[in-house]
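Structure first, then comments.
Derivation of every value follows stated rules applied to the coordinates shown; laboratory data play no part. Predicted model only: the values in this text are computed from it and were never measured. A quick note on method: Cβ atoms are made from the backbone with ideal geometry, for glycine too, and the neighbour counts reach across all protein chains shown.
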Amino acid sequence: KAAYGAETYAAFSGADITELEDHAYAINDRMNSYLLPAMKHGMSVVDVNSVFEYLLKNEGINPWNGKSDFAGKYGDYAIACACYAGVTGKSPVGILKFTAKKTSVEPTRGVAIQKAVARIVLGQTETPDVDITDAYVDRASSNVLFIGGRTLNDNKLPETLGQLLDQARRDNVVMSLTGSETLAEFVDSTSVNVEFSYGGETYDYMVLELGRDDVLYDKTAAEKELAALDKLVALGKANNKQIKIVLVAPAARQNKTGQLYQNQVENSGIKSASEYAKLISAYAKKLAGENYVVCDIAQASMLAQDAGINPYANYVSDNLSADGSYLTACMLYNAMFGAMPADMTYTGGANADNAKTLREIAASMFEG
């Protein structure tokens, strides 16, 4: 940062760039003298300053956004590669998904940045050549934002969907803003205007998990949920006019016999998970109309149980098991992109036979 800051200052002030750069590099050396001792205490230090300096002096790549002190696309990419190297201890060379269309980093420069990171962060002076001919084979952008309850964050669901998208060769960012029981609760408790700009991403899909329970029998709760849905859709379209909305009908909390928790029965009069699934599915489809796609996890979970596969982590919870997370990810894939690739092998922790059955269930929910 200091090195290019000097160049920026010189461009605007007419000062001697050589003198300023010498000063900037001295600052960089002093910063390293502060950071390197941290390594003795077991900390991993990622020296982005030196990566940027190397890119400027040796590769002719400007990591900054024009004449500002903000990182540009090459700087952002370099930081991502450096963090990968720092966290994993592995070289980023050859990880072409980082050189996606959505980042606008050309493959040749992307590889140069990868190699600079391997050299500076990991001390690797010899790095393998990378075949970049496959780097731009129609890798469509598939940025997904999850909003809502726990289903969308259970058992590493965002990561599971991301892996499916990776194998299908779709560049992706899957962001999860979850934890609220209803959309209304999320809107009331969160600065959603800020959240939509998080990371500066433009989202292609927004997945909204509808509230359970009282939205089915409490008119006031249902009205609040509809108002929250409208607000979130408006924010999504402000982020991307072409954004596609997917509504999730969540599965019920139930026990081993398929009965709902007693307090739910007392409040709603709904006595079984199958009855709940029909009601929440109808509710989601009514809200969706012709505008949104419905991802009916409630009904799909019932089909999984009929096939002898438990989508829950245990039977006294609505938290997803690895099977349930994989089913939900497959459902979302079908809802957003249609049929999954026939050669899909990623299973998300489910065994191969269960994964095949769950993919078939997910596909069946969108037939016709």
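Exceeding 31 Å between C-alpha atoms, which entries from my cross-link table qualify? They are 73/285; 237/286; 57/241; 231/356. Over 31 Å apart, Cα to Cα: 73/285; 57/241; 231/356. With each label modelled as a point 7 angstrom along the Cα→C-beta vector, the residue 364-residue 351 pair spans 2.0 nm. Close amide H pairs (under 5 Å, H built 1.01 Å from N) link residue 295 with 247, 248, 249, residues at least 5 positions away or on another chain. For residue 312, the residues whose modelled amide H falls within less than 5 Å of its own, excluding neighbours fewer than 5 places apart on the same chain, are 321. Available extension along the chain between residue 286 and residue 108 is 59.1 nm, counting 0.36 nm per residue and deducting the alpha carbon span.
If the chain linking residue 126 and residue 230 were pulled fully straight, counting 0.36 nm for each residue of separation and taking away their Cα-Cα distance, it would gain 32.0 nm. Couplings for the stretch 341-356, taken from phi via the Karplus curve 6.51 cos²θ - 1.76 cosθ + 1.60 with θ = phi - 60°, read x, 5, 8, 4, 10, 5, 10, x, x, 7, 6, 4, 5, 4, 4, 4 Hz in order; Gly and Pro are left as x.
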